[in-house]
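The values are calculated or read from the model by the stated rules, or taken from the named source; none is laboratory data. These numbers were taken from a predicted model, which means no experiment stands behind them. Backbone-built Cβ (ideal geometry, glycine too); neighbour counts: all protein chains shown.
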Amino acid sequence: AEQLQCRDALRAGKRLLKENGAAAMIRFEKALMLSKQLGDKVQERRAMRGLAASARIQGQYKSAIKHLERVLEISQEFKEFTGDADAYGTIADCYTDMGDFDKAAAYYDKYIDTMNREGPV
Amino acid sequence: AEQLQCRDALRAGKRLLKENGAAAMIRFEKALMLSKQLGDKVQERRAMRGLAASARIQGQYKSAIKHLERVLEISQEFKEFTGDADAYGTIADCYTDMGDFDKAAAYYDKYIDTMNREGPV
Amino acid sequence: LETVPTIKALRSKVEGIRAAEFEKTVHKLGDGVNKKQLRAVEELSKAIVNKLLHGPMTALRCDGTDPEAVNQTLANMDALEQMFQLSQ
Amino acid sequence: LETVPTIKALRSKVEGIRAAEFEKTVHKLGDGVNKKQLRAVEELSKAIVNKLLHGPMTALRCDGTDPEAVNQTLANMDALEQMFQLSQ
């Protein structure tokens with residue numbers, strides 16, 4: 001039951017993302033809580049990505065970066081790196097939007113290192 | 001039954017293409033004949049593309065170009081242009097291999113015009 | 001560092017193309033595919049884009065101090081901005 | 001016309017990447033998809049590649065007689081050859 005609830009919350013969040021970042025955030029928070037309860041790292045990472053996107057769409061770049069750093073940590077935790085290139089690139093995009101080109105460049109370098117790997121990126 | 005035979009001949013041709021262009025050609029000839037009998041333009045165009053690829057792999061550029069021109073004609077005949085960008089580009093590649101850069105440039109222009117269209121290219 | 005906004009613009013342009021084509025395909029595939037298969041298709045679209053962008057992105061990140069390398073990087077930046085109409 | 005071999009090399013490089021990624025995905029999807037769905041996925045891979053290549057290809061075909069345009073085209077050619085390692 002919690003699995004279904006978690007999936008539904010992720011879906012609702014994604015649907016809301018374009019219309020209303022704040023409303024989406026609430027769904028992703030719910031999905032995050034449920035995924036942690038279930039110990040489902042894949043869903044936890046998805047919820048975290050959703051939170052990052054919701055924050056970014058509302059101009060909360062620092063919060064978006066924090067969530068994306070957590071995405072990368074979760075990948076490390078269970079050694080499954082799908083979406084890491086995206087995460088590095090999006091962190092760099094946030095720093096670019098904040099005008100911090102030094103940090104942006106450092107993260108674009110990580111993005112470039114990761115994007116050419118075999119397997120899901 | 002002829003539909004299945006036609007499909008099998010196309011499949012066998014594709015499988016043979018990399019190993020043995022001449023053997024592939026025979027399968028595509030068979031598929032071409034069957035597709036004409038069935039009046040199936042989509043399969044006829046596929047067979048024609050196979051013939052072009054078989055010819056090209058054997059260095060028979062003029063023959064490859066002739067088959068690809070026929071691919072473009074078939075598209076015109078039933079107003080379904082999937083693969084036309086590919087066909088223009090491959091004709092141009094053949095002219096490049098023949099050293100005829102003027103004709104290659106003319107066909108690359110058609111390729112560029114076609115490749116950005118909506119729908120299957 | 002001058003190329004940082006170009007990298008962002010190129011990423012955004014290309015992601016727009018990828019996402020639009022992926023959405024069209026999701027629609028075409030309809031209900032006949034499951035979530036896992038849909039993810040494999042999304043991964044395909046991302047893998048192609050990432051492999052294709054790797055060269056251009058690398059070309060935008062050779063800053064260094066060697067004046068010749070800097071000039072080459074700036075030339076690559078101009079070429080990419082023109083090719084992908086990034087300044088609009 | 002000098003850019004004709006570059007166009008061919010770029011097409012070939014990119015088609016290699018596309019075809020390899022598509023084959024991997026065919027393998028992943030297994031028997032769970034029908035021919036029509038597989039074709040939609042192949043079309044996706046081709047559509048992305050064609051949309052992405054349109055800009056660079058156009059940039060290689062502005063020959064004309066205007067010396068400035070010629071120089072720009074040659075600069076684009078150099079940039080693309082370097083970025084996609086086409087001369088190897």
Count of region B:79-88 residues which are more than 13 Å from residue B:48 (Cα to Cα), out of contact with any Asp or Glu (no Cβ under 9 Å at 6 or more places or on another chain) and not charged (D, E, K, R): 1
Would you check which residues across region A:27-71 are surrounded by fewer than 18 Cβ atoms within 10 Å (Cβ to Cβ) and either of a type in the set (A, V, I, L, M, F, W, C) or in a helix (DSSP H, G or I) (or both) and list them? A:29, A:33, A:36, A:37, A:38, A:41, A:42, A:57, A:62, A:63, A:66, A:69
Check every one of the helices (runs of 4 or more DSSP H) wholly within chain D and list those with 1 or more residues that are more than 9 Å from chain C (Cβ to nearest Cβ) and of a type in the set (Phe, Trp, Tyr). none
State which residue is surrounded by the most Cβ atoms within 10 Å (Cβ to Cβ) when the search covers only region B:72-100 and only residues that are of a type in the set (S, T, N, Q) and within 20 Å of residue D:46 (Cα to Cα). B:90
Out of curiosity, is residue C:64 closer than 13 Å to residue C:1 by Cα and either at pLDDT 90 or above or not polar (S, T, N, Q) (or both)? yes
Could you list all residues from region A:78-121 that are among the aliphatic types (A, V, I, L, M), in contact (Cβ under 8 Å) with a residue 24 or more places away in the chain and more than 21 Å from residue A:62 (Cβ to Cβ)? A:85, A:115, A:121
Name the residue that is nearest to residue A:116 (Cα to Cα), counting only residues in region D:52-88 that are in contact with an Asp or Glu (Cβ under 7 Å, 6 or more places away or on another chain) and not aliphatic (A, V, I, L, M). D:87
Scan B:48, B:25 and give me the residue that is touching a residue at least 12 places away in the same chain (Cβ under 8 Å) and closer than 17 Å to residue B:90 by Cα. B:48
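Yes/no per residue for (1) under 13 Å from residue D:45 (Cα atoms); (2) under 22 Å from the mean Cα position of the chain (by Cα); (3) crowded, with 18+ Cβ neighbours inside 10 Å:
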{"site": "C:14", "(1), (2), (3)": "no, yes, yes"}
{"site": "C:25", "(1), (2), (3)": "yes, yes, yes"}
{"site": "C:34", "(1), (2), (3)": "no, no, no"}
{"site": "C:38", "(1), (2), (3)": "no, yes, no"}
{"site": "C:41", "(1), (2), (3)": "yes, yes, yes"}
{"site": "C:46", "(1), (2), (3)": "yes, yes, yes"}
{"site": "C:65", "(1), (2), (3)": "no, no, no"}
{"site": "C:68", "(1), (2), (3)": "no, no, no"}
Being of a type in the set (Val, Ile, Thr) and more than 21 Å from residue A:111 (Cα to Cα) is the filter here; which residues of region C:49-69 pass it? C:65
Yes or no: residue B:111 at pLDDT 95 or above, of a type in the set (Ser, Thr, Tyr) and crowded, with 23+ Cβ neighbours inside 10 Å? yes
So, of the residues in region C:31-78 that are touching a Leu at 6+ places or on another chain (Cβ under 7 Å) and small (Gly, Ala, Ser), which turns out to be nearest to residue D:86 (Cα to Cα)? C:45
Checking the conditions here, which among B:82, B:96 is among the β-branched types (Val, Ile, Thr) and assigned to a loop (DSSP other than H, G, I, E, B)? B:82
Looking only at region B:15-26, which residues are in a helix (DSSP H, G or I) and surrounded by fewer than 17 Cβ atoms within 10 Å (Cβ to Cβ)? B:15, B:22, B:23, B:26
All but one of (1) within 14 Å of chain C (Cβ to nearest Cβ); (2) within 19 Å of residue C:39 (Cα to Cα); (3) under 11 Å from the mean Cα position of the chain (by Cα); (4) not small (Gly, Ala, Ser) hold for residue A:90; which doesn't? (2)
